[in-house]
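Following: one structure in structure tokens, then a few remarks.
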2 protein chains.
Amino acid sequence: MHQSDELPKPLSDNLMTSAPRHNLWICSGDLPGLQRHAKIATALRNLSRMNFCSQCGNPVVQRIPEGDSRLRFVCETCQTIHYQNPNIVAGAVPVWGTQVLLCRRAIEPRLGYWTLPAGFMENGETIEQAARRETVEEACATLRNMTLYMLVDVPHISQVHVFYRADLVSLDFAAGVESLEVKLFEEDEIPWSELAFQTVRRTLECYFSDRINQVYPVRSEAISSSQPMKTS
Amino acid sequence: MHQSDELPKPLSDNLMTSAPRHNLWICSGDLPGLQRHAKIATALRNLSRMNFCSQCGNPVVQRIPEGDSRLRFVCETCQTIHYQNPNIVAGAVPVWGTQVLLCRRAIEPRLGYWTLPAGFMENGETIEQAARRETVEEACATLRNMTLYMLVDVPHISQVHVFYRADLVSLDFAAGVESLEVKLFEEDEIPWSELAFQTVRRTLECYFSDRINQVYPVRSEAISSSQPMKTS
């Protein structure tokens, strides 16, 4: 069902649903979608890379500004300090009766692995709107009754993952351009060893655990880089 | 007590605890702390401003990249797409018995107004760590028993404000460099008309409301730009 034999070993600390997209090189001009996304994975190693000031175009240096305690990229010409801050990844647990909707990724990182629909929150939207939009983009699915459920700090990649519980409006769903397939799973069908990210795993574990008593407290936890991804 | 006569009128839609700090001009070289922070307030109008590619130093243009649906700053020379995403502001409701700790701001925006300790989450930390650090920086105070309490989306400035309920470890607190004074308030002493930000007001309203029954659900809401700041 999941082509698990064709997949590489699960990663122990890759928790990204996509690359933190500022500061990344993405060749959009002449590459089709999938290759473009592969570029993102490569660019992960350049997370904080910055060479030139975005205001005046002169080279930047890395130093701790006066009155600050952290290394920043600073322009010595126009004095701009270029701050870099964590990103929010917004996602959903789309529920249909006793089943949960998962997407098999058509893009890196974690191509071929299963995930809850999720992606980077954009400027000008709420977290809930971001989760709803990502579900449309990845699963062509519409959600209702969205309830905040899970916050997971992923500090080693400077991300916060936020998941909402939600009901699917209908069975009208399909693979979006970032998904190979989209499918409903009963709890005992969840492909635990083929999940893309630890935050997705934790969210599903909590969801099925909470579902026993139908009580879903908002959960908040952190995942560290040294925490291995369980495979069963 | 609060020097309210000296303060300008409350703003209706300024919800920032500080400026979204990437893309801002901050002259750190020859200005003391307060003037530097005043620069941040001025730079708010340039939130999304970007002139040059931070990778190759050539000019950027604003366009919708292939396969995207949003305007981005794009370098036509090296093809880098410069994404901009929302920031997280992390804060706390520091409690001592029946009292709550507030800080009177020594910096713009909202200089002279009262706030809960809060500020921009930094790369590499959890939201809770950010709230704890900001409380140290602004109120020289240490927190314990931190519990996630409030998420407020502020989409028109692309921020998410997250507040934790927490106990003060002791009465050992003092004004940090960003505060004019730090003080414990009983509920009926809260300077409602002199609060700095709507998210702080909403968090305090919810806290005192929930305190009646000692039940504190995690709350999630959004504040829109058209929502006026109440003054009583």
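Worth a mention:
- Accessible area (Å², per residue) of segment B:87-222, counting only protein heavy atoms and a probe of 1.4 Å: 32
- Around the Cα centre of segment A:143-232, unit charges on the Cβ atoms of Lys, Arg, Asp and Glu (plus for the first two, minus for the last two) sum to a dipole of about 300 debye.
- Computed label-point distance, nm, for sites B:D172 and B:Q62 using a 7 Å Cα→Cβ extension: 5.0
- Antiparallel content of DSSP bridges confined to segment A:87-222, in %, to 5: 60
- For the axis carrying chain B to chain A: nearest C-beta residue of B, whole Å: B:V218, 2
- Per residue, the convex hull spanned by the Cα atoms of segment B:87-222 amounts to 102 cubic angstrom.
- With contacts taken as Cα pairs under 8 Å at a separation of at least 6 residues, segment A:77-156 carries a relative contact order of 26 percent.
- Inter-copy label distances for B:D188: 6.2 nm (label point placed 7 Å from Cα along Cα→Cβ; shortest first).
- Segment B:154-217 and segment B:108-127 have Cα centres lying 12 Å from one another.
- Extent along the principal axes, Cα only, for segment B:115-160: 32, 24, 19 Å, with the longest axis given first.
- Accessible surface of segment A:87-222, 1.4 Å probe, proportion on carbon and sulfur as whole %: 48
- For segment A:87-222, size of Cβ-based charge dipole, Lys and Arg +1, Asp and Glu -1, in debye: 140
- C-alpha center-to-center spacing [segment B:129-152, segment A:50-106] in angstrom: 22
The values are calculated or read from the model by the stated rules, or taken from the named source; none is laboratory data. Values in this document were obtained by computation on a predicted structure and should not be read as measured data. Virtual Cβ from ideal backbone geometry, glycine too; neighbours counted across all protein chains shown. Please note that ligands, DNA and RNA were not included when accessible areas were found on the heavy atoms of the full protein model with its side chains. Shrake-Rupley method; radii C 1.70, N 1.55, O 1.52, S 1.80 Å.
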